[in-house]
Amino acid sequence: MYDPAHPDRPRQDAQRSIPPEASRQDALGRLERERWHAQDAGELGLVAEIDLKIKRLSAASSPVPPGRESTSSTASKERRATPPRKK
């Protein structure tokens with residue numbers, strides 16, 4: 001059944017709802033399975049692409065993207081000297 005206004009697209013059935021998007025864990029699990037199969041088949045180029053997808057998905061869902069935090073930026077800050085305690 002097609003929408004008369006858009007004959008190239010099927011019409012959305014009113015009784016059927018659109019399924020929800022897969023969770024991040026589902027997407028990561030699917031990518032890890034695809035990576036395992038690609039590695040098993042010797043598709044090293046595909047393995048590298050899947051690794052990038054996994055890295056992006058993991059970085060996008062982390063609270064602070066890994067590229068922004070570093071120990072060198074916090075270590076270079078000078079500490080303010082505090083006076084000794086008086087007895």
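We did not get these values from a lab; they are worked out from the coordinates using the rules stated. Bear in mind the structure is a predicted one, so any value in this text is a computation, not a measurement. Ideal geometry is used to build each Cβ from the backbone, glycine not excepted, and the neighbour counts take in all protein chains shown.
A few notes on this one:
- Count Lys and Arg as plus one, Asp and Glu as minus one, and take only other residues whose Cβ is under 12 Å from that of L31; the net charge is then +2.
- Spin-label model, A41/D8: points 7 Å from Cα along the beta carbon direction are separated by 3.0 nm.
- Positive minus negative residues near L46 (Lys, Arg vs Asp, Glu; Cβ under 10 Å): -3
- Segment R33-S58, extension gain: residue separation times 0.36 nm, minus the distance between their alpha carbons: 7.4 nm
- Modelled spin-label separation between A48 and E21, with each label point placed 7 Å from Cα along the Cα-to-Cβ direction: 2.9 nm.
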